[in-house]
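All remarks here apply to the structure that follows.
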Amino acid sequence: MSVERIPPKRREGLLFEKSVAGKRGCDVPLWDGPEPEALSPSYLRGEIPGFPELSEREVVRHFTRLSKLNYANDEGLYPLGSCTMKYNPKVNEKIARLEGFGEAHPLLPPEAAQGCLQVMADLERYLCEITGMDAFTLQPAAGAQGEFTGIKMVRAYHESRGNPRQVVLIPDSAHGTNPASAHLCGYRVEQIASDERGCVHLGFLKERMRDDVAVLMLTNPNTLGVFEPEIGEICRVLHQGGGLVYLDGANLNAFVGVARPGDMGVDVMHSNLHKTFSTPHGGGGPGSGPVGVKDTLARFLPVPRVIRDEKGWRLSADFPESIGKVHSFFGNFGMHARAVAYILANGAQGLREIAESAVLNANYLRKRLEGVYHLPYTSPSLHEVIFSDKYLEKHGVKTLDVAKRLMDYGFHPPTIYFPLIVKGALMIEPTESEGIEDLDAFVDAMLRIAEEAAEDPEVVRSAPHTTPVGRLDEAAAARRPVLRWNTDPEKSRPD
Ligand SMILES: *Cc1c(COP(=O)(O)O)cnc(C)c1O
């Protein structure tokens, strides 16, 4: 079946547009006794201006239709490179929703929250075991906040030795959050060029390493999916110059259960629970980006920390050199419960198989697409593979067109135009969740799109054809977002 023949999905209007005064849904009353005395009418909300009025059927159908327009990991392959969009096993959800976890209030006294505190202590311990670090904080709500927390601790470490230093070194293949985090902590960023393998240029690093360098922020495997073979030597160069090594652990899925950053010489790292440990991801959160440190940095970890005394687990802020709090309470606890469930469900052997299968899946895609799509770096791929649009250029077809066309074939597009050092990058990360049928279906779509680019480039250039709206002006959407519904439709519409 040709995808062009599938009619585009209908645009779903806004509830505000469908509102008709006086329409109502029906429900049993919450309470039909007398008004509670304590609640003065002045606290009760009256009319909500512009509140849409619809029947129950209209509301249910509206949200059901919207949910069908959404693309989710529960629906199919989500090959968004660097983001590790793996399937979230339902056992995680079951555990996180247990009443003692899901209903626990963050202000419960420790005696009434022993189970939750133990989950957090267990997760810290498992993460130490998995990564080879000595201590973890679970507070940061994302990888980016983990970087900020980690670099803050790096700064505290150097300050405790009399000089915070000035520079953070970052390879040119790094994620944009790395320089942003360094900058927020008051450091100047200097870029380290990659060599022809896509790895850190060791000669350049050695030459640049002086006593103004606070830390190197390294992603391993890097965003080209390439493992840094000289990681041991890189750490030695930094340490000899009195600097530290920060590992952006977003790509831990490539080697979880196989190798440990702590054994490679890394001093501080974050792990994205919503990537490697399968907790839900996307839609703006909540995420979780725990940070692990070696003993040399442990005294700077955020407070409160989970500790154990003769009465059991409790929280302690009694760490005078701590950088302080980076999140309300102790981070996103629901994510901690899910990650513990995932780690225990898989066990040590299972975690290793995750990494092995993730690497196998990425290399299967690489093998089947290589030659049709251009492979800018030929170093061995780990968990993701980066192609470019070089072979499609002659047909006037670009990476963005391929990404949009994939939507017509029922797939979420991969990450595009990142890493920045690859022109027209298509960054594909299938993760271990996918079976051979799903991988083959994706490959078939990619191969078909390459054929279309040669035979009928316009159909690719004007994609998507099956979605409620076609090509959007993405720059305008970012520059002039319409965030508030105005009851005067003229004022709500972008012109
Ligand atoms: C995802 C990612 C980050 C940022 O993590 P968030 O949890 O999205 O804040 C940083 N570096 C790399 C390489 C990533 O893939």
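The values are calculated or read from the model by the stated rules, or taken from the named source; none is laboratory data. Quantities reported herein were computed from a predicted structural model and do not represent experimental measurements. All Cβ positions, even for glycine, are placed from backbone atoms using ideal geometry, and neighbour counts span all protein chains on display. Quick note on the areas: whole protein, heavy atoms, side chains included, nothing else; ligands and nucleic acids left out. Shrake-Rupley method; radii C 1.70, N 1.55, O 1.52, S 1.80 Å.
How about the range 212-259: which of its residues are in a helix (DSSP H, G or I) and either farther than 21 Å from I151 by Cβ or more than 16 Å from the ligand (Cβ to nearest atom) (or both)?
Passing the criteria: G232, E233, I234, C235, R236, V237, L238, H239, Q240, N253, A254.
Within the group G115, G162, which residue is surrounded by fewer than 21 Cβ atoms within 10 Å (Cβ to Cβ), over 22 Å from R314 (Cβ atoms) and more than 16 Å from the ligand (Cβ to nearest atom)?
Only one candidate qualifies: G162.
Scan the range 311-351 for residues that are buried (at least 17 other Cβ atoms within 10 Å of the Cβ) and among the small types (G, A, S) and jot them down.
Result: S322, G331, G334, A337, A339, A341.
Against the condition part of a helix (DSSP H, G or I) and either at positive phi or in contact (Cβ under 8 Å) with a residue 24 or more places away in the chain (or both), how does V359 come out, does it pass?
yes
Tally up the residues in the range 413-449 that are β-branched (V, I, T), touching a Gly at 6+ places or on another chain (Cβ under 6 Å) and under 19 Å from T177 (Cα atoms), please.
The qualifying residues number 1.
Looking only at helices (runs of 4 or more DSSP H) that lie completely in the range 140-208, which have at least 1 residues being farther than 27 Å from F333 by Cα, under 20 Å from the mean Cα position of the chain (by Cα) and at pLDDT 95 or above?
Of the helices (runs of 4 or more DSSP H) lying wholly inside the range 140-208, those with at least 1 residues that are farther than 27 Å from F333 by Cα, under 20 Å from the mean Cα position of the chain (by Cα) and at pLDDT 95 or above span 177-184.
List, please: which pairs have Cβ atoms under 6 Å, are six or more places apart or on different chains, and start with a residue in the range 19-37 that is modelled with pLDDT of 90 or more and end with one that is assigned to a loop (DSSP other than H, G, I, E, B)?
S19/P52; S19/E53; A21/E53; K23/E53; K23/L54; K23/S55
Among A475, A454, A445, A425, which is without any contact (Cβ under 8 Å) to a residue 60 or more places away in the chain and touching a Ser or Thr at 6+ places or on another chain (Cβ under 7 Å)?
That would be A425, the only listed residue that is without any contact (Cβ under 8 Å) to a residue 60 or more places away in the chain and touching a Ser or Thr at 6+ places or on another chain (Cβ under 7 Å).
Answer yes if at least one residue in the range 48-63 is in a loop (DSSP other than H, G, I, E, B) and open to solvent by 100 Å² or more (accessible area, probe 1.4 Å), and no otherwise.
There is at least one residue in the range 48-63 that is in a loop (DSSP other than H, G, I, E, B) and open to solvent by 100 Å² or more (accessible area, probe 1.4 Å).
Can you name the residue in the range 439-469 that is in a helix (DSSP H, G or I) and among the charged types (D, E, K, R) and, of all such residues, is nearest to the chain's Cα centre (by Cα)?
D440
Here's a check for you: in the range 470-480, which residue that is under 19 Å from L66 (Cβ atoms) and within 25 Å of the chain's Cα centre (by Cα) is modelled with the highest pLDDT?
Out of the qualifying residues, it is L472.
Scan the range 394-410 for residues that are within 18 Å of M427 (Cβ to Cβ) and either surrounded by fewer than 17 Cβ atoms within 10 Å (Cβ to Cβ) or acidic (D, E) (or both) and jot them down.
D401
Got at least one residue in the range 381-391 being farther than 18 Å from S278 by Cα and of a type in the set (S, T, N, Q)?
For the range 381-391, residues farther than 18 Å from S278 by Cα and of a type in the set (S, T, N, Q): present.
Given the conditions (1) open to solvent by 20 Å² or more (accessible area, probe 1.4 Å); (2) within 23 Å of N92 (Cβ to Cβ), and given that K152 satisfies all but one, which numbered condition is not satisfied?
(2)
Give me the residue from the range 260-310 that is surrounded by fewer than 17 Cβ atoms within 10 Å (Cβ to Cβ) and among the small types (G, A, S) and, out of that set, farthest from the ligand (Cβ to nearest atom).
Here the answer is G283.
Taking only the range 367-385 into account, find how many residues are of a type in the set (D, E, K, R) and assigned to a loop (DSSP other than H, G, I, E, B).
Residues that pass the stated criteria total 1.
Somewhere in the range 120-130, is a residue within 16 Å of the ligand (Cβ to nearest atom), under 19 Å from the mean Cα position of the chain (by Cα) and in contact (Cβ under 8 Å) with a residue 24 or more places away in the chain?
Yes - at least one qualifying residue is present in the range 120-130.
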